[in-house]
1. Each residue of the range 241-255 in order: what ³J(HN,Hα) in whole Hz does its phi give by Karplus 6.51 cos²θ - 1.76 cosθ + 1.60, θ = phi - 60°, with x for Gly and Pro?
2. Any idea of the accessible area per residue across the range 187-247, 1.4 Å probe, to the nearest Å²?
3. Give me the percent of accessible area attributable to carbon and sulfur for the range 68-192, probe 1.4 angstrom.
4. Need one number: convex hull volume per residue for the range 203-290, Cα atoms only, in Å³.
5. Can you tell which of V257, A201, L238 lies farthest toward the positive end of the dipole of the range 197-280, using +1 and -1 charges on the Cβ of basic and acidic side chains (Lys, Arg; Asp, Glu)?
6. With the Cα gyration tensor of the range 162-239 in hand, give its eigenvalues times 5 under a square root as the equivalent ellipsoid semi-axes, listed largest first in whole angstrom.
7. Once R0 is set to 45 Å, what does the formula 1/(1 + (r/R0)^6) return for the Cβ-Cβ distance between N242 and A201, expressed as a FRET efficiency to the nearest 0.05?
8. Quote the accessible area belonging to R197 in square angstrom, nearest 10, computed with a 1.4 Å probe and with ligands, DNA and RNA left uncounted.
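The values are calculated or read from the model by the stated rules, or taken from the named source; none is laboratory data. Just so it is clear, the structure is predicted and the values come from calculations on it, not from any experiment. A quick note on method: Cβ atoms are made from the backbone with ideal geometry, for glycine too, and the neighbour counts reach across all protein chains shown. These area figures cover heavy atoms from the full protein model, side chains too; ligands, DNA and RNA do not enter into them. Shrake-Rupley method; radii C 1.70, N 1.55, O 1.52, S 1.80 Å.
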Amino acid sequence: MTTTDTPRPVKADSARALSKKRPRNGGSGGLRRAVPATTLLWILAGLYGLPVLWFVLSSFKPAGDLFSLPLTVLPHDPTLSGYKAAWDSANFSQYFINTALVCVITTILTVGASCCTGYALAKYDNKWLKVFFLCILATTMLPSEVMLAPEFLVVRDLGLYNSFGGIILPAVLTATGCFMFRQFFLTVPDELIEAARIDGARELSIFLRIMVPISRPIMLTLAILSFQWRWNDYIWPLLMLNDPDKFTVQIGIQSLVGAQNINWSVLLGGSVISMIPLILVFLVFQRYVMSADINAGLKD
């Protein structure tokens, strides 16, 4: 006669009671630690948000009230005349189309190039790759104004002057994007790649089917940053473009500034209009920026 050991049933009520007794946030000690950090965050949010709020509210003021004393945050007689004058005096619809085209193409190419470069720098052991990475980081130590002249000569000799290609190509590879992807791929366990190789996956398949999906948070973060960089870019498009039909938003806003005087109401209205697409892009994509489970394919 044989006997078998049967597992003892766990009472659901006792398990629930035990879970209720355990504090989820560390009790009052966790609350005391959270209060100073939350207070500091609110203070920083106020310091950053107050100038932006003043800027937006000032765009609704008439030109004569902007510098009247005493200064006030809220407009006494709100008006949209600055927005209307800015929209009528500049071809914002064409500027938006041009800038959106440049931003979307540049962002896609930047994310793709940075992802490939960061993966190679993180997962391949080669001394020349390390030297190449140091060269990429060295570009961050140079002011952008120093590289304007040689970049302009290269783009001009390639025949890309006064074209969108001349704006897009120099902005594709960024040291920030390569560094972000390299640091992320360094956190991915090498066992995940080795397991895929044992299963017969090729290097390109590993990159496209494993590395690219788990790097989605970094891709979206870099996409938001790249879109913002290109949308706010002013110096390089100003050097490369001389056709008004190809001007970007920032050059269009600069055209609102007069030679002798500045209509601040119109300038503020145009500046707020140029901010709307950036706010919409951030609100749409920021919820997708979340942490990735890089250990999903591994067993303990």
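1. Using θ = phi - 60°, the values come out as 10, 10, 9, x, 6, 10, 5, 8, 4, 5, 5, x, 5, 5, 5 Hz.
2. Computed with neighbouring chains in place, this is 55 Å² per residue.
3. Taking all protein chains in place, the range 68-192 shows 70 percent carbon and sulfur surface.
4. Dividing the Cα hull volume of the range 203-290 by its residue count gives 131 Å³.
5. Working it through, the farthest residue towards the positive pole turns out to be A201.
6. They are 34, 13, 9 Å, listed largest first.
7. In this case the efficiency is close to 0.35.
8. The accessible area of R197 comes to roughly 90 Å².
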